Amino acid sequence: MTKGILLDIEGTTTPIRFVYDVLFPFARAHAHEHLDTETQAALNIEYDAEVRRGITPPPWSAEALDYVLWLMDQDRKSTALKNLQGRIWQEGYRRGDLHGEVFPDVPAALERWHREGIDVRIYSSGSILAQQLLFSTTAHGDLTRFLKGYFDTTTGPKAEPSSYTTIAAAFALPASEILFISDITRELDAAAAAGMQVRLALRSGNLPQPPNSYRSITSFEAG
């Protein structure tokens, strides 16, 4: 029996196009405005760790902007980068330059699951702030009223089973009673290893995945 649903965002609730064509370019254009001392210090720690692992990021600059742009180009799941992007997007949403986007079937599904007493939460590599901003500013209204929790990279990597064990504990449910939906098979591998039910989201614009035997869904509509 499914008592909890854990949703990925990119390619699951939200078109990949919105992330790559709207959010990422906006963050790139405004990164220099938000590189405060605290953010630079967090990025410097990650930069030094990269060098120790034998990775060669661009030379460190005074404001860390070159490193930030390199992380964006690599689509790295850096916690410091994700926090920076969240603050940039917050300003964009506040000014009305950005509005959250979800697939048309998502609002009705969230409302239905809420009505049925299912605990629905989000797990994305984007910061919790970024997740809340996206779901609170959609054309369908504020959808955060249907969501009971959010998880990001501070919980753990999305391809690690231990992250899903931690999330199941936060749900206060057995992992077997939680359904995780994502468009990435390596994330489904990790969630399944932790004991969760899983489904592969097949949405328009999603990237092809390796051969797999996962049950798939193309919509959240009941049926």
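Throughout, read-outs are computed from the coordinates displayed, never taken from laboratory work. No experiment lies behind these values; they were computed from the predicted model shown. For neighbour counting, all protein chains shown are included, and Cβ atoms are generated from backbone atoms with ideal geometry for every residue, glycine included.
Among Pro210, Pro15, Pro157, the largest mean-square fluctuation in a Gaussian network model of the chain (Cα springs under 10 Å) belongs to Pro210.
Ranking Ala190, Asn212, Ala175 by Cα position along the charge dipole of the stretch 149-223, where only Lys, Arg, Asp and Glu carry charges on their C-beta atoms, puts Asn212 farthest toward the positive end. Other residues with beta-carbon under 10 Å from the beta-carbon of Val198 carry, at +1 per Lys or Arg and -1 per Asp or Glu, a net charge of 0. In the stretch 19-95, the C-alpha radius of gyration followed by the widest Cα-Cα span (Dmax) gives 12.2, 41 angstrom. Rank His114, Tyr20, Ala49 by how far each Cα sits towards the positive end of the charge dipole of the stretch 1-153 (+1 on Lys, Arg Cβ; -1 on Asp, Glu Cβ) and give me just the farthest. Final value for the positive-end residue is His114.
The charge dipole of the stretch 19-95, taken about the Cα centre with unit charges on the Cβ atoms of Lys, Arg (+1) and Asp, Glu (-1), comes to about 240 debye, rounded to the nearest 20. Among Glu63, Glu91, Glu38, the largest mean-square fluctuation in a Gaussian network model of the chain (Cα springs under 10 Å) belongs to Glu38.
May I ask for the Kirkwood hydrodynamic radius of the chain, worked out over all distinct Cα pairs and given in angstroms to one decimal? That comes to 18.3 Å for the chain.
Descending by average beta-carbon neighbour count within 10 Å, the peptides 129-136, 186-193, 101-108 line up as 129-136, 186-193, 101-108, the highest first.
Among Tyr93, Tyr47, the ranking by other beta carbons within 10 Å of each residue's beta carbon, starting with the fewest, stands as Tyr93, Tyr47.
Using C-alpha pairs below 8 Å separated by at least 6 residues, the relative contact order for the chain is 26 percent.
Model label points for Trp60 and His140, set 7 angstrom from Cα along the Cα-to-Cβ axis, are 4.5 nm apart.
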